Amino acid sequence: MGYGTLSEATWISPYDLTKEVEDLVKRLQVKDYVQIFQAKNQGFTDPKNIVSIAWDLSRIHQKYAKDWKRRTGGKVLGYFCTYAPEEVLYAANVLPVRILGGHEPPTLATPHMFDMWCPFSRDYLNQGLQGKYDYLDGIMAVNACLHPRQAFGAWIIHVPTPWNYWFVMPNAVRSPRAKTFLRGELDEFKKAIEKWTGKIITDKDLDRDIDIMNTNRRLMKQVYEFRKQDNPPITGTEAMTMVWASQLMDKREHNESLKQLVEALPAYSQAS
């Protein structure tokens, strides 16, 4: 249900899950041992610190992806670079999950990549070797630079992942041939995704998911407009968390959360 563990016998949630808990308690026949209550933090710990204590934020996105697979029956694909064409993935009911830094010494990557190379790329591989992305059905990378390419190559060899894809972006983006080249690569990627998932991607599917992605960008831009105020109602850390979540969540669910945030922020602006 997504509760966080505050102490051995106290679990907390920012949502009202009373009905879900009541059903569980009834099924397990433990009503005499469970109390449900609503509370407000009056001090002395910052709510952000409480969240970090109750939830393992470094693993929460992995739990989300596993739950998404269970709920939708779709596949989950990890990607190294923001150039990944997410619209095509959504059209095939594939959840794109960005491989992000784990903020740990990437020691497991040392036999496979030079220590002098980009620590972010080495961190990618280190997490894969640790098994932190064992729920992925596929992995892809884009030719952004040499270091992620090396991480991707080592991942394919040493981290068991059922499917992989190397997507080529045009290097000379101002060339008159760049658009033609990119369209060809997108067509090949679409065919590969269709073969992998067994789903034919229609133009209607692509139009729908292009709109989902554009809506996500538009809503985040609206949130950033609030950051321009002299006393912004949303902090830089909170805005960064919003972007972080956008690279891990289903964009449709993320859009719903963003709509609520955009509606709520004007009241916070007035209060501040």
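The values are calculated or read from the model by the stated rules, or taken from the named source; none is laboratory data. Only a predicted model underlies this, so the values are computations on that prediction, with no experimental measurement involved. Glycine gets a Cβ as well: all are built from the backbone with ideal geometry, and neighbour counts include every protein chain shown.
Taking each residue of segment 95-119 that is assigned by TED's automatic domain parsing to the domain that holds Trp196 and looking for partners that are basic (Lys, Arg) and in a loop (DSSP other than H, G, I, E, B) with beta-carbon atoms closer than 8 Å, six or more apart or interchain, yields Gly102/Lys132. A count restricted to segment 154-181 and to residues that are part of a helix (DSSP H, G or I) and surrounded by 16 or more Cβ atoms within 10 Å (Cβ to Cβ) stands at 3. Quick one: how many residues across segment 98-120 are buried (at least 22 other Cβ atoms within 10 Å of the Cβ) and in contact with a His (Cβ under 7 Å, 6 or more places away or on another chain)? Total meeting the criteria: 0.
Residues in segment 223-254 that are modelled with pLDDT of 90 or more and among the acidic types (Asp, Glu): Glu225, Asp230, Asp250, Glu253. Put simply, of Thr161, Thr180, Thr110 the only residue that is over 23 Å from Ser246 (Cα atoms) and under 20 Å from the mean Cα position of the chain (by Cα) is Thr161. Quick one: would you say Asp123 is buried (at least 20 other Cβ atoms within 10 Å of the Cβ) and of a type in the set (Asp, Glu)? Yes; evaluated as a whole, the condition is true for this residue. Of all residues in segment 62-121 being aromatic (Phe, Trp, Tyr) and assigned to a helix (DSSP H, G or I), which is modelled with the highest pLDDT? Among those residues, the one meeting the criterion is Tyr90.
Say we look at segment 238-268 and pick out the residues that are out of contact with any helix residue (DSSP H, G or I) (no Cβ under 8 Å at 6 or more places or on another chain) and touching a residue at least 40 places away in the same chain (Cβ under 8 Å); which of these is farthest from Tyr90 (Cα to Cα)? Looking at the filtered set, the residue picked out is Trp244. Evaluating Gln127 against the criteria (1) within 25 Å of Asn171 (Cβ to Cβ); (2) in a helix (DSSP H, G or I) leaves one unmet condition, (1). Within segment 213-272, the set of residues being in a helix (DSSP H, G or I) and within 20 Å of Val76 (Cα to Cα) comprises Met213, Asn216, Val243, Trp244, Ala245, Ser246, Lys251, Arg252, Glu253, His254, Asn255. Scanning segment 183-220 for residues that are within 24 Å of the chain's Cα centre (by Cα), under 23 Å from Arg149 (Cβ atoms) and without any contact (Cβ under 8 Å) to a residue 40 or more places away in the chain gives a single hit, Ala192.
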